[in-house]
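Have a look at the structure below, then the notes.
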Amino acid sequence: MTKFKIPALLCSLTLFLSSCFTDRGPHTNLYGPALYKNDISYLPKPLSSDSLHHASYISLSTTSTNGTDPDNSNDQLTRGEINFGQGFTGKGFNIAYSVFGTAGSYDNMTNLVTNDSHYFNSKFFGAFGGRFSANTFITSGRVDIRIIGFEMAYSHEFGGYATYRKSVTDTANFYTNNRTDLVTLGGTSEVIWHSHDPKIQFGFRVFIGYTLGDNSYRNNGVTSPDSYDPFTQNNSQSYIAQHSSLAYFMQIHQYFFVAEVNGAGGQLRLGLRF
């Protein structure tokens, strides 16, 4: 009998310890704007060696990112975007601007279960806005080194996901940021060059910036205790607002491709220069 009692005792102890570690009470649900950390997008500009120093660009992109904060990191945001912009190159400087429209869905993958009164499978969101970029550069052979640059983006969100955030803002265990307007700005550094054929170009750009305004999550005016960076122990406002991205650009004659990664996920974009 002893041979059977020992395994049974070990199984009972394992189940008891498992229940102790997994039962942590209600889970905090954090929901913020759909374009947090995902509103900046690379703006192409002509090289100084191009025969034309003014160009228009139109592109389509697809984006897949994680949830808007650490407690919802398995949630998924997917969207498509159309972007139209223009770029100008002068003596030692570049500028570009664009307007865009985007639409997608916020898919619940983490906290909410079907018997939760606030459960949802997917919520639609859309947004429109504009972007601006400017930089100085120096030229070395085939290379433009865009040492110091500035970028900013403005977006306005609408749709079911924005409405949902407002509807649960005073619900227990739900902390939301109900902003629908975002302004992000920051600095850039970029290197771009062409091959033996001047119409075949490649580039890399780094962006580091900040989203302005109140970026904390609140429930009935109380800031969430969970929305902080566990590594730096920064509060929710400074953690969420920080924004960085790395972009790769390639142009082959009049077609171009952009791959961009940021703190939330990544973006792929195909476009036409004319």
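Karplus-derived 3J(HN,Hα) values for the range 146-152, using 6.51 cos²θ - 1.76 cosθ + 1.60 with θ = phi - 60°, are 8, 5, 10, x, 9, 9, 8 Hz; glycine and proline are entered as x.
A simple packing score, the average count of other Cβ atoms within 10 Å per residue, orders the peptides 169-177, 34-42 as 34-42, 169-177, with the highest score first.
Here the gap between F124 and N178, fully extended at 0.36 nm per residue and compared with their Cα-Cα distance, gives a gain of 17.9 nm.
Stretched out fully, how many nm does the piece from F93 to H54 gain, at 0.36 nm a residue minus the Cα gap?
Values: separation 39, 0.36 × 39 = 14.04 nm, distance 1.25 nm.
Stretched fully, the F93-H54 segment lengthens by 12.8 nm.
Separation between the K166 and D197 pseudo-spin-labels, each 7 Å from Cα along Cα→Cβ, expressed in nm? Each label point is offset 7 Å from its Cα along the Cβ direction, giving 5.2 nm. Between V143 and H253, the distance separating the two model label sites (each 7 Å from Cα on the Cα→Cβ line) works out to 2.9 nm. Measuring from a point 7 Å past the Cα of L246 along Cα-to-C-beta, which residues in the range 189-216 have an amide N at less than 17 Å? Only 189-192, 203-209 fall inside the zone, counting backbone N under 17 Å. Here the range 76-143 is treated with +1 on each Lys and Arg Cβ and -1 on each Asp and Glu Cβ, and its dipole about the Cα centre works out to around 420 debye.
Please report, in debye to the nearest 20, how large the charge dipole of the range 111-194 is about its Cα centre when each Lys and Arg carries +1 at its beta carbon and each Asp and Glu carries -1 there.
Working: 7 positive and 7 negative charges, 18 e Å.
In debye, rounded to 20, the range 111-194 gives about 80.
We did not get these values from a lab; they are worked out from the coordinates using the rules stated. Just so we're clear, the structure is a prediction, and the values are computed from it rather than from any experiment. Here the Cβ is made from the backbone with ideal geometry for all residues, glycine too, and neighbour counts use every protein chain on show.
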